[in-house]
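Below is one structure, written out as structure tokens; comments come after it.
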Amino acid sequence: MKKQKAFIFRCSACGHEEPKWLGRCPECGEWNTLIETAVSAGSREPGGFSRSGRSSSVPQSIPLSSVDPQEGNRIGSGIPELDRVLGGGIMKRQAILIGGEPGIGKSTLLLQIAAAAETRGRVLYISGEESAGQVRMRADRLGIGGASSRIEIFCSGRMEDIEPILNAVKPVLIMVDSAQTLITEEAGPAPGTINQMKYCSFELISWVKEHDAALFLAAHVTKEGIISGPKTLEHMVDTVLYFEQTEGDCRFLRAVKNRFGSVDEIGIFIMGERGLSPVEDTALLFLIRREGELPPGVAAAAVLEGTRTLLVEIQALTVPAKGAVSRVFSDKIDSSRVSRTAAVLEKHLGLRLSDQDLYINVAGGIRIAEVGTELALAAAIYSARTGLPLPGGMAIAGELSLTGEIRPVRRLAGRIKTAKSLGFDRFLGPMPEGRGQDGTGTEPAGRTEGPDSPAPGDFQAVRDIKAAIRLVFGKKE
């Protein structure tokens, strides 16, 4: 007997369902988005995947002590910089969302992972944007044609076609390029909507959870720099990675969410003819080597990104404000941090900055969020405002409090060691905890001994911003 169909009205924007048509969705407030949808009783569940092949037995829980610890082992991606960002490798049943601007290299990265991943199973590459011939041409250009024998490719975004492919191939690694091309009839006729991406992504994530596989899902970002959706998919996946690009060929891979690792690590790549190449030695990548005296407004900061130290150049420029209110122009360092640092300089040093427009940049285009850059930022702003250059060969690290004090930072000894290896013979930093002072706010050179301390004279510790400015510029407040 033929099953009777029931009809509901589902919002194509948010997925809300109503028994009758309404002009405006009561959930998201969009107009004319409720579309009549036929639902066959008992034939399919939301999301478009048929459940007929699944077991109908009652699910059972198991004791935690009986779980095999080996199930938590990671799979190497074959790309060291990616493993660093993921926390050591790819976890089974992990869903990873990679966001970035169009053309930044997401498809290239997915194809390189598919070829280099340290897994013995099959890899399925689902492309909704390119044909099989285009993907093969990219593989040949990247020089991974020899590893392409284990990569299965399927060029379609329809979930009704993807389901039988998944069940037939049973891949251990799934690459989807991209989330905006996925579509299912259950979520409406228009692809790329929030409802479509939620339905389709949920079905793929459910499949990899049930079959001990891993999923990489590419997604474009909007003009505001957030994953198109907006951000709906971030709550559904385990890990969210953002691809960032500088003015050159350098790419940064940064985790903003990671259930299986830290979000402090970044991966650094160079885009070339053979695809993305990991940058192992990043020490000199963001420094500008100059001969002679440094120009005013430039300071070298020792920044901690995850487990490694980077030396970056902070550049500052102050010009008279063109309007009644001064402005801060900074996209690599949070503008609120710049304003706060400028306020501390104005309060505790009497340096007038309220009538100045501040321009802040980081050489190399890397975005810095660590608090240990605040002392170097303050030195660069002071140098730009007064026209006094910093001495050459000095690296700086320290957190600046609102009271003008210089607070300790993590892994100070490692920062000093990296700076010395790059030729910096002086290091300005916070006062070590438990050390005495000579009454001037600076740490005497003879009191820096310790197992992790540099030789006397190399490291100069300061207690507050006044002592730091006096030590660097030789000025008295």
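Throughout, read-outs are computed from the coordinates displayed, never taken from laboratory work. Just so it is clear, the model here is predicted, and its values are computed rather than measured. For neighbour counting, all protein chains shown are included, and Cβ atoms are generated from backbone atoms with ideal geometry for every residue, glycine included.
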(request) With θ set to phi - 60°, apply the Karplus curve 6.51 cos²θ - 1.76 cosθ + 1.60 along the stretch 258-267 and write out the HN-Hα couplings as whole Hz, x wherever there is a Gly or Pro. (result) 7, 6, 10, x, 8, 9, 8, 7, 10, x
(message) Taking θ = phi - 60°, what integer Hz values does the Karplus form 6.51 cos²θ - 1.76 cosθ + 1.60 yield along the stretch 297-302, in sequence order, with x for Gly and Pro?
(response) x, 10, 9, 9, 10, 8
(message) Charges on Cβ only, +1 for Lys and Arg, -1 for Asp and Glu, centred on the Cα centroid of the stretch 239-395; of 344, 330, 294, which one is farthest towards the dipole's positive end?
(response) 344
(request) Output the lone cysteines of the chain: those with no second cysteine's C-beta under 4.7 Å from their C-beta. (result) 155, 200, 250
(message) Of 429, 266, 77, which is farthest towards the positive pole of the chain's charge dipole, taken about the Cα centre with +1 and -1 on the beta-carbons of Lys, Arg and Asp, Glu respectively?
(response) 429
(request) Towards the positive end of the charge dipole of the stretch 188-321, with charges on Cβ (+1 Lys, Arg; -1 Asp, Glu), say which of 195, 311, 207 has the farthest Cα. (result) 195
(request) Tell me the label-point distance for the pair residue 331, residue 150, using the 7 Å Cα-to-Cβ offset, in nm and rounded to one decimal. (result) 4.1
(request) Jot down the radius of gyration and Dmax of the stretch 298-473, Cα atoms only, both in angstrom. (result) 15.5, 53
(message) For a test of the definition: using alpha carbon positions, the gyration tensor, and the 1.5 limit on a/c, classify the stretch 76-278 as rounded, prolate or oblate.
(response) rounded
(message) Per DSSP helix of 4 or more residues, -39500 (n - 2.57); summed, then divided by the residues of the chain. What does that give at 222 nm, rounded to the nearest 500?
(response) -6500 deg cm²/dmol
(request) Using only the alpha carbons, work out the radius of gyration and Dmax of the chain in angstrom. (result) 27.6, 95
(message) Can you tell me which aspartates and glutamates have their Cα less than 12 Å from the Cα of residue 170? Leave out same-chain residues fewer than eight positions away.
(response) 152, 210, 212
(request) Taking the Cα centre of the chain as origin, sum charge times position over the Cβ atoms of Lys and Arg (+1) and Asp and Glu (-1), and report the length of that vector in debye to the nearest 20. (result) 300
(message) For 264, 68, 140, which order do you get if you count the other beta carbons within 10 Å of each Cβ and list the fewest first?
(response) 68, 140, 264
(request) Go through the stretch 248-257 residue by residue and turn each phi into a ³J(HN,Hα) via Karplus (6.51, -1.76, 1.60, θ = phi - 60°); whole Hz please, and just put x for glycine and proline. (result) x, 9, 7, 10, 10, 10, 10, 8, 10, 8
(request) Using amide H atoms built 1.01 Å from N in the peptide plane, name the residues 5+ places from residue 357, or on other chains, whose amide H lies under 5 Å from its own. (result) 319, 321, 327
(request) Just list whichever of 257/466; 92/420; 322/347 have alpha carbons separated by over 32 Å in the model shown. (result) 257/466; 92/420
